[in-house]
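Here is the structure we will look at, set down as structure tokens.
Each reported figure results from applying straightforward, stated rules to the coordinates on display, with no laboratory input. None of the values given here were measured: they were computed from a predicted structure. A quick note on method: Cβ atoms are made from the backbone with ideal geometry, for glycine too, and the neighbour counts reach across all protein chains shown.
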Protein chains: 2
Amino acid sequence: MAYNDLFLRAARREATESTPVWMMRQAGRYMQEYRDIRAKYGFLEMCRTPELAVEVTLQPVDLIGVDAAILFSDILVPFPGMGLDLEFAAGEGPVIHNPVRTVEDVHRLRVADPIEDTGYVMEAIRILRGELENKVPLIGFGGAPFTLASYMIEGHGTRDYEYTKALMWSEPKAWDELMTKIGDTVIAYLSAQIDAGAQAIQVFDSWIGYVAPRDYERYVLPHSKRVIDALTAHGRKVVAEGVPIIHFPNGATSMLDLTQQAGGDVIGIDWRIDMARAVQVIDERFAIQGNIDPVALFAPEDELEHMVVEILEAVGTRPGHIFNLGHGIHKTSDPDKARAMIRFVHEHSARIRGEA
Amino acid sequence: MAYNDLFLRAARREATESTPVWMMRQAGRYMQEYRDIRAKYGFLEMCRTPELAVEVTLQPVDLIGVDAAILFSDILVPFPGMGLDLEFAAGEGPVIHNPVRTVEDVHRLRVADPIEDTGYVMEAIRILRGELENKVPLIGFGGAPFTLASYMIEGHGTRDYEYTKALMWSEPKAWDELMTKIGDTVIAYLSAQIDAGAQAIQVFDSWIGYVAPRDYERYVLPHSKRVIDALTAHGRKVVAEGVPIIHFPNGATSMLDLTQQAGGDVIGIDWRIDMARAVQVIDERFAIQGNIDPVALFAPEDELEHMVVEILEAVGTRPGHIFNLGHGIHKTSDPDKARAMIRFVHEHSARIRGEA
């Protein structure tokens, strides 16, 4: 099988004969093959065991047919290295038993060492590059500073962010110290992923959609930009043409003018915005990743096909489109629908791009 | 005390000497006086007992100083009249024990009778109008069709809407029948609120922010518009100058071009968009309600004041601004901060509007 580099070419805004597609959370519970493994191991145990991480990372490449693999892991794995007591409680998601609530808590945080604290991630990446040699590129990933800060401060997932924003507004110096320590951790962590062989990096700002534009601009953007700029520079040192950085500010489609100022090569967008508008708002120097409603995989095939075509036609022949869900695939999705979506993307994008 | 009609004048886009303010969920758990009553009664019991609903509706008017009262109730109270088995389970929010999942379920649904099924709401409104005679206007409210459909179909609160969207895409005729039955129920219910004396009506589309613009336009907008148009027409029959309709499409700030097509007099916006941009995007025929981050009440007073001023200055002297949180007030908010926010709104808006 010839190496499929559609994803990397699109991420670099080179012309492609069709549009590459991958799915956030593609190594996940919607697949029986994943559930079989997950039944035997804890979530963090899977992240920390390279053989297991490698196995589930490869599943959607082999069984669903995506154009890129993304490392099976979690944005929170660097937390223990920073001094945080992280647990994935069954059915509850992540819990941090010693959340960051005071200025002293911020002072106590360490910058994690990527190799000493998360060497298992780099090991998984090295194995994966070998396994994927004749297949598809490998995406590494991590969390953006705000999203990581919010887990650290709240101590668990939330939709409110009272403690996070209260610290941001009340203790701006401690906030800067915190965001800088997180930024340093993420830069080192994702640079090590690049060194280990990750061919693109996605930076997930999963909860930034709960932040007002004025607060994003003042308290978040400089830190996100510092991380993305550093990773961009590091990528150029490792690979001549650079390692594409995908910036995904989830739920922030009403402030794309601001989020794209954080830089990167690819802007990921959720499904709350029409692709036709996104194409207008997102500067031409960026590739675009997105943006079908993840629940579209519960639609009948003909409606799913309509949705795919609408997005592809809105992008037209603009170089640099990576098709993806606007958010992670839902755990009850039908793998056959995912396969159908991928087929629709490939067929219709080849037609649209061929007509140009 | 002179009657304070700031809110009504702003809703009608008349010039006001300062900006009126109220808070979504202002009769709620952040107030000790509310918690004292809530400790003794169930949530639905409070909605269904006019004396209790009246008492907690008046609390923020008397104790916090808002410029409008909003009926204490819930958007789901018409559900039992439609044949749905609604319960507010302790700590879990609303549960519908017989959710709508099939075409047959849709056929079985009834259009509720506003007086027979929810006469207690109309009784509370009549009492409140008497109590508020020398105080402030009274806002009635209900749910928009999509938001009500999503509760009905999912059976509880969610962030995914798989069942809802699957029905919408798979069974468009049943979806239309469902949305029409809901629309008919809401039109009758809110018309009865107007008849009972509600001086403005807010239509909450609380979960519309999870719907893609293409689906909003095809499957939701016509139904929202039908409801709002009917209420607008009914209001004009009851009150010569009309009863202002506030349309609040929560979380949908990246498709304001579409949501405002549903009509109404006031567009409510959440905090995910800068007010400066909202003022550009929202047509001048609408008043605007919003849009401070509800978590801003956890900020120090000087930062809270900055945020208030930024919003007021972005609106400038455009007629028709009602200050509100971008979403409901959080239950752990400090009532003193709410009072401070209201003072900042009144003082700075008087200055800004006086300078013109």
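Placing a label point 7 Å from the Cα of A:Pro319 along the Cα-to-Cβ direction, the distances to the matching points in the other copies come to 5.3 nm, shortest first.
Using only side-chain charges placed at the Cβ, +1 for Lys and Arg and -1 for Asp and Glu, the dipole size of region B:193-266 relative to its Cα centre rounds to 160 debye.
Would you mind getting me the FRET efficiency between A:Glu14 and A:His97? Use the beta-carbon distance for r and R0 = 60 Å, nearest 0.05. Calculated value: 0.80. Backbone amide hydrogens, once placed in the peptide plane, bring B:Met24 within less than 5 Å of B:Leu325, B:Ile329, excluding anything fewer than 5 places away on its chain. Close amide-amide hydrogen proximity is noted between A:Gly268 and A:His247, A:Phe248, A:Gln289, each under 5 Å apart and 5 or more residues distant or on a separate chain (H modeled in the peptide plane; Pro and chain starts excluded). Only Cα pairs under 8 Å and 6+ residues apart enter the sum, and on that basis the relative contact order of chain B stands at 21 percent. Electrostatic tally near A:His107: other residues with Cβ closer than 13 Å to its Cβ, Lys and Arg +1, Asp and Glu -1, net 0. Legend: helices of chain B (whole DSSP H runs) are marked when their alpha-carbon atoms reach 27 angstrom or more along the helix axis and their mean Kyte-Doolittle hydropathy is at least -1.0; marked are B:172-196, B:335-355. Per the rotation superposing chains A and B, the chain A residue found at the smallest beta carbon distance from the axis is A:Ser254, 2, distance in Å. Rounded to the nearest Å, what's the spacing between the alpha carbon centres of region B:81-141 and region A:289-343? Just the number, please. Region B:81-141 and region A:289-343 have Cα centres spaced 37 Å from each other. Each Lys and Arg contributes +1 and each Asp and Glu -1, all at the Cβ; summed about the Cα centre of region B:12-138, the dipole is approximately 240 debye. The charge dipole of region A:6-355, taken about the Cα centre with unit charges on the Cβ atoms of Lys, Arg (+1) and Asp, Glu (-1), comes to about 460 debye, rounded to the nearest 20.
If you build a Gaussian network model of chain A, linking Cα atoms that sit under 10 Å apart, which residue out of A:Ala278, A:Ala11, A:Ala27 swings the most? Top of the fluctuation ranking is A:Ala278. Among the DSSP beta bridges whose two residues both lie in chain B, what percent are antiparallel, rounded to the nearest 5? Given both bridge residues lie in chain B, the antiparallel proportion sits at roughly 20 percent. Just so you know, the Cα atoms of region B:6-355 work out to an Rg and Dmax of 19.2, 61 Å.
Extending 7 Å from Cα along the Cβ direction at B:Lys40 and again at A:Thr332 yields two label points whose distance is 4.2 nm. When region B:87-156 is described by a simple charge dipole with +1 on each Lys and Arg Cβ and -1 on each Asp and Glu Cβ, the residue from B:Pro137, B:Met152, B:Pro114 located farthest towards its positive end is B:Pro137.
Residues whose amide H lies under 5 Å from that of B:Phe72, counting only those 5 or more places away or on a different chain, are B:Thr57; hydrogens are built 1.01 Å from N in the peptide plane.
Mean-square fluctuations from a GNM of chain A, with a 10 angstrom spring cutoff on Cα atoms, peak among A:Leu52, A:Leu63, A:Leu109 at A:Leu63. Annotation for region A:190-246 versus region B:182-241: alpha-carbon center distance of 44 Å. Converting phi to 3J(HN,Hα) with the Karplus coefficients 6.51, -1.76 and 1.60 and the offset θ = phi - 60°, region B:93-110 yields x, x, 10, 10, 6, 10, x, 8, 10, 10, 4, 5, 4, 5, 4, 6, 5, 9 Hz in sequence order, with x at every glycine or proline. For A:Arg285, go 7 angstrom from Cα along the Cα-to-Cβ vector, then report the distances to that same point in the other copies in nm, smallest first. Values, ascending and in nm: 4.1. With the Kirkwood sum run over all distinct C-alpha pairs, the protein assembly as shown has a hydrodynamic radius of 26.6 Å.
What separates the B:Gly83 label point from its copies, with the point 7 Å along Cα to Cβ, is 6.1 nm, written shortest first. Taking Lys and Arg as +1 and Asp and Glu as -1, the other residues whose beta-carbon sits under 12 Å from that of A:His156 total -3. Computed over neighbours whose Cβ is under 13 Å from that of A:Ala340, the net charge equals -4, Lys and Arg +1, Asp and Glu -1.
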